[in-house]
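Shown next, in structure tokens, is the structure this report addresses.
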Amino acid sequence: ETPRLVGIISAGKKMAYSVPARKETRFMVVGETASFLDANVSAGKTYHVKVTPYWGVFGTRFFLKAMAPGDPDLKKQVDGCDWVETLPSAQEAVAGDMESVKSKMAEYMPKWEQNNDRHSLTPSDGR
């Protein structure tokens, strides 16, 4: 499957993305490597996923983690960020990097799928 750009964000930013209820969706974040998060959501709920950066060998790596409604850090994280939206120019900018994105997906997704402790977004993570 060809990856689709949801958005480009930086520190202190947040974005919204709508997915169909009960449809398994896999999200990927790309930096030096790729990280994934499977989402299985219920209709009418809002879910939060945190993108956490950390230093890799040659650059920044990112990690996706679902934030549960009871997470004490959730309000601070959401309130402390500004909204961004994905513009058509972002799609054009990423088009030239799509082969690199596909390569990282091919390399890192099988490793992630073998991990029994991988993070996911479940219906109970919504509010």
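The values are calculated or read from the model by the stated rules, or taken from the named source; none is laboratory data. Everything numeric in this text was worked out from a predicted model, so none of it was measured. Cβ placement follows ideal geometry from the backbone for every residue including glycine, while neighbour counts extend to all protein chains displayed. Accessible surface areas use protein heavy atoms only, side chains included; no ligands, DNA or RNA. Shrake-Rupley method; radii C 1.70, N 1.55, O 1.52, S 1.80 Å.
Just a few scattered comments:
- Filter on K45/K75; K75/K111; K14/K104; K45/K65 - keep pairs with C-alpha separation over 22 Å: K75/K111; K14/K104
- Counting only protein heavy atoms and a probe of 1.4 Å, the accessible surface of the chain is 53% carbon and sulfur.
- Net charge over other residues, Cβ less than 14 angstrom from the Cβ of V41 (K, R count +1; D, E count -1): +2
- Rounded FRET efficiency, nearest 0.05, which uses the C-beta distance separating A90 from T46 and R0 of 35 Å: 0.90
- Rounded if a/c under 1.5, otherwise prolate or oblate - the stretch 1-50, Cα gyration tensor axes: oblate
- Helical mean residue ellipticity (222 nm; -39500 (n - 2.57) per DSSP H run of 4+; nearest 500) of the chain: -7000 deg cm²/dmol
- Between the residues W112, F63, W83, the greatest Cα displacement towards the positive end of the dipole of the stretch 51-125, with unit charges on the Cβ of Lys, Arg, Asp and Glu, is found for W112.
- The stretch 40-114 shape via C-alpha gyration tensor axes, a/c threshold 1.5: prolate
- Against the chain, whose longest principal axis is taken from its Cα atoms, helix 98-114 shows a tilt of about 60°.
- (1) 52, 36, 25; (2) 43, 35, 21; (3) 37, 34, 30, with the label sought being that of the calculated Cα extents along the principal axes in Å: (3)
- For the chain: accessible area per residue (Å², 1.4 Å): 67 Å²
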